[in-house]
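The values are calculated or read from the model by the stated rules, or taken from the named source; none is laboratory data. Please read these numbers as outputs of a predicted model, since none were measured by experiment. Neighbour counts are summed over all protein chains in view; Cβ atoms, including those assigned to glycine, are modelled from backbone coordinates with ideal geometry. Heavy atoms of the whole protein, side chains included, go into the accessibility calculation; ligands, DNA and RNA do not. Shrake-Rupley method; radii C 1.70, N 1.55, O 1.52, S 1.80 Å.
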Amino acid sequence: MTTADDNKDIQTISPSAPDASTNVNSKANAKSKPNSKTKRKTPVEPVILQEKDIDEKHIRGSGNGGQKINKTSSCVQLMHRPTGTIVVCQDTRFLQQNRKIAYKRLKEKLDLQINGTASKIGKKVEKLRARKHKQRQRAKKKYQQKEVAESDDPEQTFGPCDTER
């Protein structure tokens, strides 16, 4: 799919070291050590939807909304032929709004398939995974400390109701 020309374009787009012609603070950047936490960005391949690759169908809606939703064809189904990805949208009563939403969702789905974790949705998922992992680690540490503290105190302490009279 990619040619040598595409690879050259990607190399020119990727971030490079700062040079004196583009950066005023080049001396400050030259003296500072590179941060180990900074990641090199991988080039993201843009998703381009072509009209010839998409089958669009307008089908009758179903569900809540009564007779009106059942009579009108305001539900949009998009199929991307090369990948076989299908998106169905019936969020609103209006066909044009559903078309916009469906195209947006199709683009996001294809972006996720093509770019993986570098896509917009992939980044959100990774951020959520990292947050949940951090929460699990905190909870684990908290209960381990609590367990250690209970095992260190061999004497049984009495509460206000358990005291001897």
Practice task
For the pairs LYS104/LYS132; LYS68/LYS107; LYS52/LYS124; LYS57/LYS132; LYS68/LYS104; LYS109/LYS141, note any where the Cα-Cα span goes beyond 32 Å.
Solution key: LYS57/LYS132; LYS109/LYS141
Exercise for the section: At 1.4 Å probe size, with no ligands or nucleic acids counted, give the accessible surface of TYR143 in Å², nearest ten. Expected result: 130
Completion exercise
Net charge near ARG60 (other residues with Cβ under 13 Å of its Cβ; Lys, Arg +1; Asp, Glu -1) is +4
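What number comes out for accessible area per residue over the range 76-154 if the probe is 1.4 Å? Units Å², please.
Averaged over the residues of the range 76-154, the accessible area is 78 Å².
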Handout entry: Counted charge near TYR143, where neighbours are those whose Cβ lies closer than 14 Å (Asp, Glu -1; Lys, Arg +1)
Key = +4
Problem - Net charge of neighbours whose Cβ lies under 9 Å from the Cβ of THR72, counting Lys and Arg as +1 and Asp and Glu as -1 - result: +4
Handout entry: Long-range HN-HN contacts of SER74 with modeled amide H, under 5 Å
Key = GLY61
